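**Q** I am attaching a structure below and will ask some questions about it afterwards.
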Amino acid sequence: MRTILNVIWLVFAGIWLAIGYAVAGVICCVLIITIPFGIASFRIAAYALWPFGRTVERDPEAGVFSLIGNIIWCVVAGIWLAIGHVVTSIPLFISVIGIPMGIANLKLIPVSLLPLGARIVDADRGSVRAT
């Protein structure tokens, strides 16, 4: 079922959101100081392509630099990406089959606002990929 939802997600929402994260990642990688934001953006782009079966966990060991970085990210790019998730979720909630995809879209909002200090975790295996 996850694979079917991921394929439908990819067609209707995932590709566009991943492109948005990839563009944000490229822009962030232009300047040396914002490369960590770019790397986090590329990892979230991969998560936005295939979200079902994975979840986001906060890293309890994230320090003050993650906090400062998240504040900068939220102001510069996070708000716009979160708005993109909300706008994309509205038409998905209209149909019955789109409701799980709308929920997945809303699930991506916290990591789009605060990407540093978060880990993308496989829901059933518990393997960790840091963002």
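**Q** Across region 45-54, in residue order, what do the Karplus-derived ³J(HN,Hα) couplings come to in whole Hz, using 6.51 cos²θ - 1.76 cosθ + 1.60 with θ = phi - 60° and x for Gly and Pro?
**A** 4, 5, 5, 5, 6, 9, x, 6, x, 10
**Q** What does the accessible area per residue of region 1-84 come to in Å², with a 1.4 Å probe and no ligands, DNA or RNA counted?
**A** Details: 4950 Å² over 84 residues.
For region 1-84, the per-residue accessible area is 59 Å².
**Q** Starting from region 62-131, pick out the trypsin sites (Lys or Arg not before Pro) whose DSSP state is loop and whose Cβ has at most 15 other Cβ atoms within 10 Å.
**A** On the way: sites: 107, 119, 125, 129; in loops: 125.
Counting only loop positions with at most 15 other Cβ atoms within 10 Å, the trypsin sites (Lys or Arg not before Pro) in region 62-131 are 125.
**Q** At most 13 other Cβ atoms within 10 Å and a DSSP loop assignment: could you name the trypsin sites (Lys or Arg not before Pro) in region 33-76 that fit? Provide the component values of the computation, followed by the final result.
**A** Details: sites: 43, 54, 58; in loops: none.
Hits after loop and neighbour filter: nothing returned.
**Q** With N residues in region 1-53, what two-decimal value do you get for its Cα radius of gyration over 2.2 N^0.38 Å? Write down the numbers at each step before the final one.
**A** Values: Rg = 12.5 Å, N = 53, 2.2 N^0.38 = 9.9 Å.
With N residues counted in region 1-53, Rg over 2.2 N^0.38 Å equals 1.25.
**Q** Hey, another quick one. Given the DSSP H assignment, sum -39500 (n - 2.57) over each helix run of at least 4 residues in the chain and divide by its residue total; what's the result at 222 nm in deg cm²/dmol, nearest 500?
**A** Here the helix-only value at 222 nm equals -18500 deg cm²/dmol.
**Q** Using only the C-alpha atoms of region 41-128, find the volume of their convex hull and express it per residue in Å³.
**A** Hull volume normalised by residue count: 84 Å³.
**Q** Could you give the Stokes-Einstein D for region 3-95 in µm² per second, using the C-alpha Kirkwood radius, 25 °C, 0.890 mPa s?
**A** Translational D for this selection: 172 µm²/s.
The values are calculated or read from the model by the stated rules, or taken from the named source; none is laboratory data. Only a predicted model underlies this, so the values are computations on that prediction, with no experimental measurement involved. In this analysis, Cβ positions are derived from the backbone assuming ideal geometry, glycine residues included, and neighbour counts consider all displayed protein chains. Side chains included, ligands, DNA and RNA excluded: accessible areas come from the protein's heavy atoms. Shrake-Rupley method; radii C 1.70, N 1.55, O 1.52, S 1.80 Å.
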